[in-house]
Amino acid sequence: MKAVGIKSYKQHRLQGAFDVIVIGSGISGMACAAILAKEGRRVLVLERHYTAGGFTHVFKRSDYEWDVGIHYIGSVSHPRSMLRVLFDYITNGELEWEDMGEVYDRVVFGDEVYEFHKRPRNFIAHLQERFPDSADKRAIEQYVELVGKASRAGLMYFNEKALPPDIAAAMGDAMRADFLRYASQTTREVLEELTDNIKLIGVLTAQYGDYGLPPGQSSFAMHAMVANHYMYGGAFPVGGSSRIAETIAPVIAASGGLILTNAAVAEILVENNRAVGVCMEDGTELHAPLVISSVGVENTYRYLLPAGVRDAFDLPAMADKVEPSVSHVDLYVGLQESSAELGLQKANYWVYPDDQYDHDATTAAYLADPNADFPLVFISFPSAKDPDWENRYPGTATVEVLTLAPYEWFRQWEDTKWKRRGDEYEAFKEQLSQRLLAVLYRYEPQLRGKVAHYELSTPLSTRKFANYRHGEIYGVAHTPDRFAQKFLRPHTPVANLYLTGQDIVTAGVGGALMAGVLTISAIEKEDYMTKIRNAVLRNT
């Protein structure tokens, strides 16, 4: 049954005019829609997938469900944190969070385990116990301080993106300068200025899977924002991540809007260089005076705009300035015992090859040879994180096991149909599945013989359901060069067409949510971050 405010395009007859059309129902698109709905706008959200939510959606089998994109969210446990305030605003406070506890990540190199504790002082204290040398202890303190500074520097950088283009042209460079000092360096370059201990660098950069690039390729600013995001711990949505769309949709519906699934957009309609609506894949035209695209720069600039518009503004050349982020495989595991019976904990694992602390070297070896050690394996226990799980699926548990997997390994099957890609494809998936299960059993040996169901998603799954053409999960790659691109902003060369999403801010659900608020600030020419904070805090 669809939640309130979510219907199928194939089964619903649209009536009346809409003030805004949003393409894509990821968190950024839903946030834009909810905020505008609270301003009295009637908003239509169009989602090509059969379920709403983008990377916040779940998929289900008879006894299980899995969260395809949300494994934990930082900065929401405290009711006055900015991210929590934003979630409360767009859900009318209906979305609940379960804190993951003192330890949110376990970093594992063979038999060596390092715990990431919430709150900076605890994070520092634990790592200093493991790295007692005075130089290492000082480097850990400097690292945490630098992570905070880089994150705070982002405030002016991102605010600049919401300014009208003429004002941004005059003031932008000054507003961006401080942040770009951090963003223009790789994570490895910055860490090597603090310490020459490769083991310490390997531990401090262990969350690189949260943005997809090893330290030698990623922007330090991206790393800093992720590390800072979790510095006060992780949390999980009570009832699973599908609760995000389920709690946002009624807010949109309250002003007459709705989210339509199975609603694929073929083209954005442009008249006299002004967006006036969209043309659906079935040929139906839907009109609105404002269009927001939350499906990424690549899809919008290269495919959704008419050829004449693309050529007039050389939009494909803009898209060429950035590269797609990492793709992955994800093993979804179901067990016929509860998390408590199996002894599963809330904390994630970040697993690395034994005694191999150089993430760039292990990643390069793996990309050159699929049979090499996985450069990282991320293991999450969603059923253990969700206190409502037992109410929905009593006596069961789920695990997710992820690793990097370049799209090129799967390109030969990109023209085949889902679930009918052939024996060779299935054999490759099974090989990867068994290797990932072996990693899981090494660190949770009690699960051996208890697995009742498993299935592997590949970059082709991401391509099909999220419409990222290279199976990427974080939009554009978060390299130093990415943050130098001034065109990654809400404004487009087409009047009344705006962009939102993680390409506009940063990777992940938190970044995409912030992008939604930034886009509305650009549209309304008002600081909605402050407006929303004041509105929520007045009512608490």
Rounding to the nearest 20 debye, state how big the charge dipole of the chain is about its Cα centre with +1 on each Lys and Arg Cβ and -1 on each Asp and Glu Cβ.
1520
Answer with one residue from THR186, ALA245, GLY154: the one whose Cα lies farthest towards the positive end of the charge dipole of the chain, charges on Cβ with Lys, Arg +1 and Asp, Glu -1.
ALA245
Give, as a single signed number, the net charge of other residues whose beta carbon lies under 11 Å from the beta carbon of GLY475, with Lys and Arg counted +1 and Asp and Glu -1.
-3
Please tell me the relative contact order of the chain in percent, rounded to the nearest whole number, where contacts are Cα pairs under 8 Å and at least six residues apart.
24
With ASP373 itself left out, Lys, Arg at +1 and Asp, Glu at -1 over residues whose Cβ is under 13 Å from its Cβ give -2
Based on alpha-carbon positions alone, could you give the equivalent ellipsoid semi-axes of region 1-138 from the gyration tensor, as √(5λ), descending, whole Å?
41, 19, 12
For Cα extents along the principal axes in Å, which listed value, (1) 63, 53, 50; (2) 70, 62, 44; (3) 76, 61, 41, comes from the coordinates shown?
(1)
What does DSSP give for the chain in terms of the percent of beta bridges that are antiparallel, rounded to the nearest 5?
70
Using mean Cβ contacts within 10 Å as the protection proxy, how do 431-440, 323-332 order, highest first?
323-332, 431-440
Close lysine pairs (region 325-466; alpha-carbon distance under 26 Å; 8 or more apart or on separate chains) counted at 10
For VAL238, VAL265, what ranking results if the residue with the fewest other Cβ atoms within 10 Å of its Cβ goes first?
VAL238, VAL265
I'd like to compare 396-407, 267-278: which one has the highest average count of other Cβ atoms within 10 Å, and what's the full order after that?
396-407, 267-278
Exposure proxy check: VAL377, VAL45, VAL144 ranked by fewest other beta carbons within 10 Å?
VAL144, VAL377, VAL45
Tell me which of TYR64, VAL265, PRO459 sits at the most positive position along the dipole axis of the chain, charges placed on C-beta atoms (Lys, Arg +1; Asp, Glu -1).
VAL265
Using alpha-carbon positions, what is the distance between the centroids of region 248-289 and region 77-102, in Å?
29
Classify region 118-232 as rounded, prolate or oblate, taking a ≥ b ≥ c as the square roots of the eigenvalues of its Cα gyration tensor: rounded when a/c is under 1.5, otherwise prolate if a/b is larger than b/c and oblate if not.
prolate
Charge tally in the Cβ shell below 9 Å around ASP354, where Lys, Arg are +1 and Asp, Glu are -1, ASP354 excluded
-4
How would THR530, THR56, THR247 line up from fewest to most surrounding beta-carbon atoms within 10 angstrom?
THR530, THR247, THR56
To make sure I understand the rule: partners must be aspartates and glutamates, Cα under 15 Å from the Cα of LYS531, and not fewer than 8 residues away in the same chain. Which ones qualify?
GLU39, ASP88
For ASP105, other-chain or 5+-apart residues with amide H closer than 5 Å (H placed, Pro excluded) are PHE116, ASN348
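Readers should treat all values here as calculations from the given coordinates under stated rules, not as data from a laboratory. In this text the structure is predicted, and so the values were computed from the model without any measurement. Backbone-built Cβ (ideal geometry, glycine too); neighbour counts: all protein chains shown.
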